[in-house]
Amino acid sequence: MAACTLTIERFRAMNADVTVSLALEPSSAEAAFREVRSWFAYAEKVFSRFRPDSELSGLNLSAGLPVRISRTMEEVLELAARYRELTNGLFNPCILPFLISAGYTASFERLRVSDILSGGGAPAPSVAASVAAAGWRLFPPIQTVRLNPGTQIDLGGIVKGWSVDRVANWLIGKGIPAGLVNAGGDLRVWGGTDAPRWEIEIEDPRRPGTALGVVALRSGAVATSGVLRRSWNTREGRRHHLIDPRTGSPADSDVLQCTVSGVDAAEAEIAAKTVCLLGSGEGAEWLGRACPGSDAFILLRNGSIRLLRSPSADAGRKWKGE
Amino acid sequence: MRAPIRKSLRKWAVGVGCTLSIALLLQNIKNSDAFQGAQSAATDSPSLAQEDSSTRDPVMQEWQDQSQSSSLSDPSAGGSPSGFGDRIGRSDTGSGFRSRSGQS
């Protein structure tokens, strides 16, 4: 296993670079890669808020009427509701009006100067009121959901990690002994005890291309969130995509970037965002309580690094760069 | 009155007789070696045990259905192959178990 060959594929999906490495010979790996591409294309078709033909866009136009949804949408809405509760509302898929108010009106790569300059002010009271009343009710027996009036959903904070988890589990089920699926930094790895550990470099957001640290693990997930990428200038100052639902404005804590390593990518993705919103002190308490077994590698605004190691963390997970 | 009653009783008797005959026939079939063999073969069928996990997972099933329908309408679109083995596109190989996580 130590000499095993990895076959690697890279492509774009969900506005992110996706890398898939599988412990398969190239001739066997091609069909697996085709399946993974197809899976991400499917997830984008269901969940993109920037595609008018997506299931999510249709749902956002339902204006309080019951809508029949796919099992895929139902699963993610259930998961999102669970994480909304676990984070005491800090993970909130209903902040789309706040994002639009902050100027994030198109996929980040396509934001125009006019969009950027028109956004950025404090959200109007009517916007804050609509987010406070936002939510949905699922009716699983009839596979239907009804959004509260005025609710607009953005599942961008969970679907990348969820898609990575789902396709990684599917590849594991196909018997692939070791592999990695990385969608824009939200990733899952797996491998046997006889395989080498995966080494995941944590990018320094202040100096793209350089690494702040490395986490080595055999199996598990890593996800990173922060406030430096996907940020833009407005008349009111610099804004970024990480919205604090308590204020309706971009997060303003002592955390510049947080990387969480845990069991699955969806949870790591949400935990990293939550720590960024709460700040390093409160975030550390929350992480220990809500995600036992997860570690966090935090870059603070003052440039220092803080590593939060869980006492029940996987013993095979090693951090370098503290 | 007597003749119609007798006629009716005869009809009932014929009906009961036919029902019993069919029940006996089915019981015989059920106890036959051929039926027993076919039943155990169906119960132990490997097709259920070896069923693809996606057919039990509604989400993966929706994906497979969708990708099959898009590959039917567009042969160049990524479809759902029957197994790992055919070669398309490009990829590279490496021996390093490394990747990178950063803000997306």
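No value in this document is a laboratory result; all are computed from the given coordinates. Keep in mind the model is a prediction, meaning the values are calculated, not measured. Heads up, the Cβs are rebuilt from the backbone with ideal geometry, glycines too, and the neighbour counts pull from every protein chain shown.
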Handout entry: Simple spin-label estimate for A:Arg12 and A:Arg309 in nanometres, 7 Å along Cα-Cβ
Key = 4.1 nm
Handout entry: Neighbouring partner chain Cβ atoms per residue of B:61-68, average, 10 Å criterion
Key = 5
Handout entry: Nearest-20 debye value, region A:197-322 charge dipole, Cβ charges on Lys, Arg, Asp, Glu
Key = 280 debye
Completion exercise
Among A:Lys160/A:Lys320; A:Lys174/B:Lys30; A:Lys45/A:Lys320; B:Lys7/B:Lys30, the pairs whose Cα-Cα distance exceeds 32 Å are A:Lys174/B:Lys30; A:Lys45/A:Lys320; B:Lys7/B:Lys30
Handout entry: Shielding by partners, peptide A:24-36 (average Cβ within 10 angstrom, other chains)
Key = 6
